[in-house]
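The structure appears below as structure tokens.
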Amino acid sequence: MLPQDSAGAVELEEPGLPLTDDAPPGASEEPAAAEAAGAPDSGRCWLCLSSRCCSRTEPEAKKKAPCPGLGLFYTLLSAFCFSVSSLLVKKVQDIHAVEISAFRCVLQMLIVLPCLIYRKTGFIGPKSLRIFLILRGVLGSTSMMLIYYAFQTMALADATVITFSSPVFTSIFAWICLKEKYSPWDALFTMFTIAGVILIVRPPFLFGSNASGIEESYSVHLKGTFAAIGHAVFAASTLVILRKMGKSVDYFLTIWYYVVLGLVETVIILFILGEWSLPYCGLDRLFLIFIALFGLGAQIFITKALQIEKAGPVAIMRTMDVVFAFIFQIIFFNNVPTWWTVGGAVCVVASNVGAAVRKWYQSSK
């Protein structure tokens, strides 16, 4: 979710996954190819044979800059893919959330495996970082199962908004584990997020017995809330681990650990729960495939966005997840979010936007 996947993700810091910084294939081969084709020497221009020619510096001066706004467009696509994946999870009600996670792990494993073989990165990673890769895989897959359960047991908009509390936990864990600064501003954003979650949960001791707008019974709604908060906590832990590893591990290798350990974990849990079953409907089987594809697409788009755009604008654009969730809930479930949900969404989104703008401002100094 980062979030979710973010689940896997995500995370971006929620959004900021560590990215590989590989040179494009063939970038170091062009000069050699030019010499082999008859370039007089490394100091002369093969076009005009002069010892110093401005044409040799033009390629560097005219490097292609990314299209303005392309990173934000990738982020918008990522938010849309995350939201569609969440919608499909909500639509598949006859399959347990853990089993959906297992199917997603299998399908993504089939996609990531050829990528690892092509990139020649290996399958186990550096010895000193394997423990972090294992933790990333276990915590990330647990986060995925929890958010899928939340989507199935509570309103789509409510669950989506709560997942955006993940940056708050990320700041706290980074302060504890990575010794990053936790400022009074971070504390203020944390309070905004807590207020937003309270408005969505609407605990009876504060709001009385009014449970209007809640799809299921309040006990089921509460279970979904705890699952969504658990997702935010585990997603934040995953992000801190990814920060700890930095760019020393290939991005696809972290996904590999995520899907392999996720598959092992989901299979064990399914046997314990006795919930394993094949989808009854052909449409559900199609949904499972699209859940995996849209989930992976969301991760790829957010990674591409962070490669060419600053994390601050990306984090702000990621809040479009909430907008899509509101739209999908109204269109596909004929469920108009209550003003409590809207108020909670405003608080959580304001907290995320405020934190992103502050970090963006600090990094631009």
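Table for the structure above
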item	result
Residue-normalised accessible area of the range 81-135, given per residue in Å² at a 1.4 Å probe	47
Accessible solvent surface per residue of the range 219-358, calculated while the other protein chains remain in place, 1.4 angstrom probe, Å²	44
Label point at Met191 placed 7 Å out along Cα→Cβ; residues across the range 333-348 whose backbone nitrogen lies under 16 Å	347-348
Whole-percent pair-distance distribution, where bins are 10 Å wide, for the alpha carbons of the range 59-205	8, 23, 33, 26, 8, 1, 0
Restraint check, Lys120/Lys304; Lys181/Lys247; Lys127/Lys247; Lys90/Lys223; Lys120/Lys247; Lys247/Lys359, Cα-Cα greater than 19 Å	Lys120/Lys304; Lys181/Lys247; Lys247/Lys359
Long-range amide H partners of Ser183 with built H, under 5 Å	none
Relative counts (whole %) of C-alpha pair distances in the range 307-356, using bins that are 5 Å wide	4, 20, 23, 20, 15, 10, 6, 2
Packing-based order for 141-154, 230-243, 304-317, 172-185, using average beta carbon neighbours within 10 Å, highest first	141-154, 230-243, 304-317, 172-185
Largest to smallest accessible area among Cys115, Cys67, Cys105 [probe 1.4 Å]	Cys67, Cys115, Cys105
Among 286-292, 331-337, 218-224, 97-103, the order from most to least packed when residues are scored by Cβ within 10 Å on average	97-103, 286-292, 218-224, 331-337
Convex hull volume per residue for the range 246-365, taking Cα atoms only, in Å³	173
Of the chymotrypsin sites (Phe, Trp or Tyr not before Pro) in the range 112-146, those whose Cβ has at most 14 other Cβ within 10 Å and which sit in DSSP loop	Phe123
FRET efficiency, Val323 to Ser363 (Cβ-Cβ, R0 22 Å, nearest 0.05)	0.25
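The values are calculated or read from the model by the stated rules, or taken from the named source; none is laboratory data. Nothing here was measured: the structure is a model prediction, and the numbers come from that model. Every residue, glycine as well, gets a Cβ built from its backbone with ideal geometry; the counts of neighbours run over all protein chains shown. Ligands, DNA and RNA are stripped out before the accessible areas are found, and what is left, the full protein with its side chains, is counted by its heavy atoms. Shrake-Rupley method; radii C 1.70, N 1.55, O 1.52, S 1.80 Å.
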